[in-house]
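Peer 1: The structure under discussion is supplied below as structure tokens; questions concerning it will follow.
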Amino acid sequence: MQLKFEFTIYNEALDKFELDEREHLFELDDEQTLTFNILKDSDLSLYNWFKESEYFANWIKEEVYPDSIGKKIAIRHINDIDYTRFYFFKITSSDTHYDYFKKLFNIYHEVDWQDREEVGQNILENLMVKRQELIIELKEDVVEDVGSQLNESNSEESEK
């Protein structure tokens, strides 16, 4: 199965996201396709699955953003699954986005006359934390010597 991805680039100095409108194709094997089909209805579970997948991180570092160690990005689209609202939510966003985030963050909108700005501010406060969770930092692979780890563990045990 082939998926289309788009990303946003996180500018840490400005604490904002910038669009990368290029489309990237990513191929899933049969086992990954099964997992994708299970998770596709839960957008954040799907996002986290990709974020935590080593093969996905390697693909980003090798194909999408080569020579970009230290760069911070986030997934904007996976096929027809859109995460744009996480990065560009505004107080003036549509009711669909308000409803999505009220449900996600368990924001109870008590009365009809409650100010939309108040609810929007509450959403933005919750999004500050959620956005940080969604950021993927491109890091060098750290390969540790298993033998030296075992030796350290053994020497710690013998000291006890």
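The values are calculated or read from the model by the stated rules, or taken from the named source; none is laboratory data. This is a predicted model, so every value here is computed, not measured. Cβ: placed from backbone, ideal geometry, glycine included. Neighbour counts: every protein chain shown. When the accessible area is computed, the model is the full protein with side chains, heavy atoms only, and any ligands, DNA or RNA have been set aside. Shrake-Rupley method; radii C 1.70, N 1.55, O 1.52, S 1.80 Å.
Listed here are the residues, each with its yes/no results for (1) in the same structural domain as Lys139 (by the TED database); (2) open to solvent by less than 30 Å² (accessible area, probe 1.4 Å); (3) under 16 Å from the mean Cα position of the chain (by Cα); (4) closer than 30 Å to Lys103 by Cα.
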| position | (1), (2), (3), (4) |
| --- | --- |
| Glu27 | no, no, no, no |
| Lys61 | no, no, yes, no |
| Asp67 | no, no, no, no |
| Gly70 | no, no, yes, no |
| Ile75 | no, yes, yes, yes |
| Ile78 | no, yes, yes, yes |
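Peer 1: Just checking, how many residues over region 14-43 are under 20 Å from Lys90 (Cα atoms) and out of contact with any helix residue (DSSP H, G or I) (no Cβ under 7 Å at 6 or more places or on another chain)? Steps first, answer last, please.
Peer 2: The initial filter retains those residues of region 14-43 that are under 20 Å from Lys90 (Cα atoms), namely 14-20.
Now restrict to residues that are out of contact with any helix residue (DSSP H, G or I) (no Cβ under 7 Å at 6 or more places or on another chain): 14-16, 18-20.
Result for region 14-43: 6.
Peer 1: For Lys51, only one of the following conditions fails: (1) more than 15 Å from Arg131 (Cβ to Cβ); (2) at pLDDT 95 or above; (3) open to solvent by 40 Å² or more (accessible area, probe 1.4 Å). What is its number?
Peer 2: (1)
Peer 1: Those residues that are under 13 Å from the mean Cα position of the chain (by Cα), among the hydrophobic types (A, V, I, L, M, F, W, C) and farther than 11 Å from Lys130 by Cβ, I need them from region 80-91; list them, please. Walk me through it before giving the result.
Peer 2: Step one: filter region 80-91 for residues under 13 Å from the mean Cα position of the chain (by Cα), giving 81-87.
Filter once more, keeping what is among the hydrophobic types (A, V, I, L, M, F, W, C): 81, 86.
Within region 80-91, Ile81 is the sole residue that qualifies.
Peer 1: Failed condition for Phe17, given (1) at pLDDT 95 or above; (2) in the same structural domain as Ile123 (by the TED database), with all others met?
Peer 2: (2)
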